[in-house]
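The values are calculated or read from the model by the stated rules, or taken from the named source; none is laboratory data. It should be emphasised that the depicted structure is a prediction, and the values quoted were computed from it without experimental measurement. Here Cβ is always computed from backbone atoms with ideal geometry, including for glycine, and neighbour counts include all displayed protein chains.
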Amino acid sequence: MPLTQPQKRFLRSRAHSIKSIVMIGSAGLTPAVIRELDLSLAHHELLKVRVNAGDREARKAIIERMCAETQSTLIQGIGHVAVLYRPAKHTQIPLPRC
């Protein structure tokens, strides 16, 4: 889902106060983690995910795979934390029209 810059800015501001719900450790992106991400996105729409991978390239690859497998959009990635968004069927976060 393509988002405009004002919509991404709005979602970044909403994500600022939430805590990381899912944490990806040394085992990497397993099917169980993907299933948990999918359930969490369906319930919350906006997630912070902590990715504890060794280097920047490994984190980037994991985040890209997460987005692809959950059909979510990367809103922001800073350090070990990524913010993902996927609208639910009955959306709880009304996006600004821009």
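Only residues that are among the β-branched types (Val, Ile, Thr) and either closer than 13 Å to residue 85 by Cα or modelled with pLDDT under 90 (or both) were counted across segment 31-51, and they come to 1.
Selection of segment 54-87 for residues being in a loop (DSSP other than H, G, I, E, B) and surrounded by 13 or more Cβ atoms within 10 Å (Cβ to Cβ) yields 72, 80, 86, 87.
Restrict the check to segment 37-53 and report whether at least one residue is touching a Ser or Thr at 6+ places or on another chain (Cβ under 7 Å), part of a helix (DSSP H, G or I) and buried (at least 17 other Cβ atoms within 10 Å of the Cβ). Yes - at least one qualifying residue is present in segment 37-53. For residue 19, the requirement of being out of contact with any Asp or Glu (no Cβ under 8 Å at 6 or more places or on another chain), modelled with pLDDT of 90 or more, in a strand (DSSP E or B) and of a type in the set (D, E, K, R) is not met.
Can you spot a residue in segment 26-39 that is in contact (Cβ under 8 Å) with a residue 40 or more places away in the chain, of a type in the set (Asp, Glu) and within 29 Å of residue 96 (Cβ to Cβ)? No, every residue in segment 26-39 fails to be in contact (Cβ under 8 Å) with a residue 40 or more places away in the chain, of a type in the set (Asp, Glu) and within 29 Å of residue 96 (Cβ to Cβ). Report whether or not residue 96 is touching a Pro at 6+ places or on another chain (Cβ under 7 Å) and either surrounded by fewer than 17 Cβ atoms within 10 Å (Cβ to Cβ) or in a loop (DSSP other than H, G, I, E, B) (or both). Yes.
Does residue 22 count as of a type in the set (A, V, I, L, M), surrounded by 15 or more Cβ atoms within 10 Å (Cβ to Cβ), within 14 Å of residue 78 (Cβ to Cβ) and free of Cβ contacts under 8 Å to residues at least 40 places away in the same chain?
Considered against the rule, which asks whether it is of a type in the set (A, V, I, L, M), surrounded by 15 or more Cβ atoms within 10 Å (Cβ to Cβ), within 14 Å of residue 78 (Cβ to Cβ) and free of Cβ contacts under 8 Å to residues at least 40 places away in the same chain, residue 22 comes out as no.
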